[in-house]
Amino acid sequence: MFSLKGKRALVVGVANDQSIAWGCARALRAQGAEIAVTYLNEKAEPYVRPLAEELEAPIFAPLDVSSAVQLDALFEQIREQWGSLDILIHSIAFCPKDDLHGRVIDCSAEGFAMAMDISVHSFLRLIKRAEPLMGPGGTILTVSFYGSEKVVSHYNIMGPVKAALESTTRYVAAELGNKGISVHALSPGPLATRAASGIAHFDRMLAKAAEKAPTHALATIDDIGAYAAFLASNEAHNTTGVIHPIDGGYRIIG
């Protein structure tokens with residue numbers, strides 16, 4: 001029904017084969033896109049390299065989004081090797097453990113600032129560098145969660161952080177719409193990823209979500225990847241600024 005052949009995508013956030021970013025990268029590749037993959041550091045590289053090889057990624061580079069040097073080096077490589085970029089996927093979030101597991105009221109200024117910087121402002125830093133490489137039809141995606149709009153037990157400070165990410169998505173969509181660049185946030189229900197495992201009592205959250213959803217099934221990284229691939233296609237060009245739930249209907253149940 002649609003194809004991404006000829007499109008070039010940068011996927012940030014692949015940590016292992018359970019990552020949402022991996023589901024997205026695999027789906028984009030299946031539809032014909034070329035994929036650039038990043039890895040956080042030397043510790044992460046052995047887990048990510050085989051996945052990049054499976055994607056036949058022509059660009060595989062280190063990226064700590066807190067490093068302007070690494071950001072600049074990555075986009076210079078993309079500029080030299082590809083000359084343009086069609087798709088950007090941002091699927092990263094972080095909060096220091098003590099701040100994540102404590103009350104929102106008790107979150108430290110340092111922890112809050114770090115969570116906002118890595119989870120939200122890094123999205124803007126990537127977009128700022130990607131914008132000059134993108135033309136009409138470009139697509140930018142990030143990943144949010146239901147805890148941005150409703151209080152989810154144990155999600156804590158990441159709820160306000162994801163709310164900020166969603167608001168950022170809408171404002172950036174408004175700013176880039178006249179260039180034909182669409183911006184979206186994917187908002188899956190709970191699913192088992194390495195990042196989510198840091199949330200207290202997460203197994204209980206998964207079971208409750210599956211029970212509550214009309215489909216009685218949790219979203220998978222393949223579900224999210226398929227949705228991302230469609231949003232990146234030419235057929236979705238006139239959709240932007242949307243927070244897309246992918247949760248088996250979990251949100252419609254009171």
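The table for this structure:
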quantity: Segment 213-241 residues that are among the charged types (D, E, K, R), paired with ones that are assigned to a helix (DSSP H, G or I) (beta carbon under 8 Å, 6 or more apart); calculated: Asp222/Gly23; Asp222/Arg26; Asp222/Ala27; Asp223/Gly23
quantity: Hits in segment 82-108 (condition: aromatic (Phe, Trp, Tyr) and either modelled with pLDDT under 95 or under 13 Å from the mean Cα position of the chain (by Cα) (or both)); calculated: Phe94
quantity: Cβ pairs under 6 Å, 6+ apart, first in segment 109-123 and modelled with pLDDT of 95 or more, second polar (S, T, N, Q) and not in a helix (DSSP H, G or I); calculated: Phe123/Thr142
quantity: Selection count where residues are of a type in the set (S, T, N, Q) and either surrounded by 17 or more Cβ atoms within 10 Å (Cβ to Cβ) or at pLDDT below 80 (or both), scope segment 188-233; calculated: 3
quantity: Candidates Ala15, Ala57, Ala73, Ala21 - the one that is at pLDDT 95 or above, within 26 Å of Lys128 (Cβ to Cβ) and in contact with a Gly (Cβ under 6 Å, 6 or more places away or on another chain); calculated: Ala21
quantity: Boolean, Ile221 is touching an Asp or Glu at 6+ places or on another chain (Cβ under 7 Å) and within 16 Å of Leu141 (Cβ to Cβ); calculated: no
quantity: Verdict on Ala163 being surrounded by fewer than 20 Cβ atoms within 10 Å (Cβ to Cβ), of a type in the set (A, V, I, L, M), touching a helix residue (DSSP H, G or I) at 6+ places or on another chain (Cβ under 8 Å) and part of a helix (DSSP H, G or I); calculated: yes
quantity: Identity of the residue in segment 6-65, surrounded by fewer than 22 Cβ atoms within 10 Å (Cβ to Cβ), closer than 29 Å to Leu218 by Cβ and small (Gly, Ala, Ser), that ends up nearest to the chain's Cα centre (by Cα); calculated: Ala15
quantity: Considering residues of segment 132-147 that are in a helix (DSSP H, G or I), of a type outside the set (A, V, I, L, M, F, W, C) and in contact with a helix residue (DSSP H, G or I) (Cβ under 7 Å, 6 or more places away or on another chain) only, the residue surrounded by the fewest Cβ atoms within 10 Å (Cβ to Cβ); calculated: Tyr146
quantity: Qualifying positions in segment 224-246 - in a loop (DSSP other than H, G, I, E, B) and in contact with an Asp or Glu (Cβ under 9 Å, 6 or more places away or on another chain); calculated: Ala232
quantity: Among the candidates Leu4, Leu71, Leu28, Leu55, residue that is within 18 Å of Phe123 (Cα to Cα) and among the hydrophobic types (A, V, I, L, M, F, W, C); calculated: Leu71
quantity: Number of the exception - Ala164 against (1) modelled with pLDDT of 95 or more; (2) touching a Leu at 6+ places or on another chain (Cβ under 7 Å); calculated: (2)
quantity: Looking only at segment 168-193, and only at residues there that are in a helix (DSSP H, G or I) and under 22 Å from Cys24 (Cα atoms), the one that is nearest to the chain's Cα centre (by Cα); calculated: Thr169
quantity: Segment 109-129, residues that are under 21 Å from Lys7 (Cα atoms), buried (at least 18 other Cβ atoms within 10 Å of the Cβ) and over 15 Å from the mean Cα position of the chain (by Cα); calculated: Arg129
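The values are calculated or read from the model by the stated rules, or taken from the named source; none is laboratory data. None of these values were measured; they are calculated from a predicted model. Here the Cβ is made from the backbone with ideal geometry for all residues, glycine too, and neighbour counts use every protein chain on show.
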